[in-house]
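The values are calculated or read from the model by the stated rules, or taken from the named source; none is laboratory data. In this text the structure is predicted, and so the values were computed from the model without any measurement. In this analysis, Cβ positions are derived from the backbone assuming ideal geometry, glycine residues included, and neighbour counts consider all displayed protein chains.
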Amino acid sequence: MFRRFLLAILLPAVMATSASAAEKISVACNPTWPPMELLDDNKQIVGFDVDMIHAICKEVGLEAEFRNVAWDGIFAGVAAGSYDLVASGVTITPERQKAFLFTEPYYNVSQIIVMQNGQSAKGFEDLKGKKVGGQIGTTGVFVAQKCGVEFTLREYDDVGLAMQDLVNGRIDAVVCDSPVALYYANKKEGFSDVLTVAFRTEANEHLGFVAKKENKDLIEKLNKGLAAIRANGVEAALKKKWLGD
Amino acid sequence: MNEENQNNMPAGVVAAEGKIEVPAGGIKLSEERKDSVINAWTLALVGAVASLTILCTVWPDPYLDVLAFLPGGLVITFQVTILSILCAIPLGLITGLGRLSKNRVINLIASTYVEVIRGIPLLVQIFYIYYALAKFLQVSGLTSAVIAISFCYGAYMGEVFRAGIMAVNKGQTEAARSLGFNKVQTMMYVILPQALRTIVPPVGNECIAMLKDTSLVSVMAMPDLMQFGRSYAAKTYLYFETYTIIALIYLIITLLLSKGVSILEGRLNYYDKRK
């Protein structure tokens, strides 16, 4: 276990030194969060975040190289400088802002609770005494922890495993970001026909790209790029392509 | 006689009697080795407890907060470990006996089990039992964890039991059989009690390894010590602090357990000391 962690820490560090040439930036991403980021059939990382970063980088003369990083170590890696940026559907929270720099928000999400067809809940209080799953270290889990209702919260390594356990009937609900929940409930084969959206939270969360505190230049550049693709309509096209809105 | 003394008489007895009857080299060596083991153990335990105490008193925020968050996870960690040990030891004994069996079918089954399980990483087995088999059979996280870990360690322990039983002199079997013990009696009353002395230390080590490997069950969203730590680190971004505390807690538990094993080992060697 510890060897795995060592490898996870050292490997990106070694790779980062070779990748930090001129105009290249390395971007960490946890591709278990469809449609924001996922692995396609050729094991390439694709998704809304990926296209956004490529489009932004093109505007400001950077080149992004994506790397597959486990979610629960993704912030440790950017803090340690293993990569320059995290683009993985990260919600801007005050806690995270204390530790990291964020770009301007590029998308708004809420939390959605997914349940099996035929099950229903109008709010967290309806989930009292039930088993609720989520991905470890995500805002869905944080919201569930803070809601003050007594239920068993199970934190999975990735949301796909939580959804699988929901389909298998081991847990009663899964909480995650709205695009991901909608993807599983409406689109994903093998899941969409058994899962349904139970309810969504009101509070809107804003997603941003994350860099370490010292990396102000990069964030400024990306903000410029973000403004540019917002102005020329590229962002809207990407939203339509991946998120259908 | 002289040779037997050299092998079996512990250093402590010699020192207590105040005279050395056998060549000093052999005894000196074992004495030194024993001392250094105790020292390393004490050093590690004192070091771990001291660092934990210092960290928590000097910087209560965040270290004490981390420590206060974790006990919930210990329950699951111990639960999984103890249940797995209770299942793995009988499984190991049966496997070990099976591997030694002259019945070809039993022997083949036991050997195949060992070969198959030894060849699959524990993490893969956990995923397999919890996520892959869920298609046909749904078991809870705790059950999956206990099944995966005890099946895995049952195979390793089978080899330990086999080696321990084989290490008992063949003459013991022959003597018991000629005194009219049947095969089962020979194994239960003569061979196994003697084999136990060889078996206990490695089995103890396997149990300690088992405790450490329970950290793998966090992939099934089981709230064990590791999962609690990961959850805390993911929320607070205090990776260094959280994993330092987790490492220290695992270390302290493991050191205490290894002390338990060595005490047990000493008890089983009681008759060696008395000689």
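Looking at (1) within 14 Å of chain B (Cβ to nearest Cβ); (2) among the small types (Gly, Ala, Ser); (3) in contact (Cβ under 8 Å) with a residue 24 or more places away in the chain, which is the only condition A:Gly190 fails?
(3)
Could you tell me which numbered condition B:Leu179 fails, if it satisfies all but one of (1) buried (at least 17 other Cβ atoms within 10 Å of the Cβ); (2) farther than 18 Å from B:Pro90 by Cβ?
Checking B:Leu179 against (1) buried (at least 17 other Cβ atoms within 10 Å of the Cβ); (2) farther than 18 Å from B:Pro90 by Cβ, the one that fails is (1).
If the Cβ limit is 7 Å and pairs must be 6+ apart or interchain, which residue in the range B:216-230 that is more than 8 Å from every other protein chain (Cβ to nearest Cβ) and farther than 12 Å from B:Ile76 by Cβ pairs with which residue that is surrounded by 24 or more Cβ atoms within 10 Å (Cβ to Cβ) and not aliphatic (A, V, I, L, M)?
Once the first residue is more than 8 Å from every other protein chain (Cβ to nearest Cβ) and farther than 12 Å from B:Ile76 by Cβ and sits in the range B:216-230, its partners that are surrounded by 24 or more Cβ atoms within 10 Å (Cβ to Cβ) and not aliphatic (A, V, I, L, M) give B:Gly229/B:Thr242.
Quick one: is B:Val203 more than 12 Å from chain A (Cβ to nearest Cβ), surrounded by 15 or more Cβ atoms within 10 Å (Cβ to Cβ) and either within 24 Å of the chain's Cα centre (by Cα) or within 19 Å of B:Thr143 (Cα to Cα) (or both)?
Criteria met by B:Val203.
Return the total of residues in the range A:80-110 being assigned to a loop (DSSP other than H, G, I, E, B) and closer than 19 Å to A:Val141 by Cβ.
Residues flagged as assigned to a loop (DSSP other than H, G, I, E, B) and closer than 19 Å to A:Val141 by Cβ within the range A:80-110 amount to 3.
If a residue must be of a type outside the set (S, T, N, Q), more than 10 Å from chain A (Cβ to nearest Cβ) and either within 19 Å of B:Ile76 (Cα to Cα) or not in a helix (DSSP H, G or I) (or both), how many such residues does the range B:123-147 contain?
Final tally of qualifying residues: 8.
Filter the range A:125-145 down to residues that are surrounded by 21 or more Cβ atoms within 10 Å (Cβ to Cβ) and more than 14 Å from chain B (Cβ to nearest Cβ), then give me how many there are.
1
May I ask you to list the residues in the range A:71-99 that are among the aliphatic types (A, V, I, L, M) and over 17 Å from the mean Cα position of the chain (by Cα)?
Once the filter is applied, which keeps residues that are among the aliphatic types (A, V, I, L, M) and over 17 Å from the mean Cα position of the chain (by Cα), the range A:71-99 yields A:Ala79, A:Ala80, A:Ala99.
For the range A:58-79, which residues satisfy the criterion of being farther than 28 Å from A:Val143 by Cβ and either within 14 Å of another protein chain (Cβ to nearest Cβ) or in a helix (DSSP H, G or I) (or both)?
If the condition is that a residue be farther than 28 Å from A:Val143 by Cβ and either within 14 Å of another protein chain (Cβ to nearest Cβ) or in a helix (DSSP H, G or I) (or both), then A:Lys58, A:Glu59, A:Val60 are the ones that fit.
Any residue at all in the range B:202-221 that's farther than 28 Å from B:Ser262 by Cβ and basic (Lys, Arg)?
No, the range B:202-221 contains no residue that is farther than 28 Å from B:Ser262 by Cβ and basic (Lys, Arg).
Looking at (1) within 13 Å of chain A (Cβ to nearest Cβ); (2) modelled with pLDDT of 90 or more; (3) closer than 24 Å to B:Val146 by Cα, which is the only condition B:Tyr243 fails?
B:Tyr243 satisfies every listed condition except (3).
Taking A:Ala55 and the conditions (1) among the small types (Gly, Ala, Ser); (2) within 21 Å of A:Asn108 (Cα to Cα); (3) in contact with a strand residue (DSSP E or B) (Cβ under 6 Å, 6 or more places away or on another chain), which numbered condition does it fall short on, given that it satisfies the others?
That leaves (3) as the condition not met.
Working carefully through the options A:Ser26, A:Ser88, find the one that is surrounded by 18 or more Cβ atoms within 10 Å (Cβ to Cβ) and within 14 Å of chain B (Cβ to nearest Cβ).
A:Ser88
Looking only at the range B:219-230, count how many residues are touching a Ser or Thr at 6+ places or on another chain (Cβ under 9 Å) and part of a helix (DSSP H, G or I).
Total satisfying the criteria: 7.
State whether one or more residues within the range B:246-258 are more than 9 Å from chain A (Cβ to nearest Cβ), crowded, with 23+ Cβ neighbours inside 10 Å, part of a helix (DSSP H, G or I) and within 24 Å of the chain's Cα centre (by Cα).
No, every residue in the range B:246-258 fails to be more than 9 Å from chain A (Cβ to nearest Cβ), crowded, with 23+ Cβ neighbours inside 10 Å, part of a helix (DSSP H, G or I) and within 24 Å of the chain's Cα centre (by Cα).
Suppose we filter the range A:188-240 for residues that are in a helix (DSSP H, G or I) and not hydrophobic (A, V, I, L, M, F, W, C); how many remain?
Total meeting the criteria: 11.
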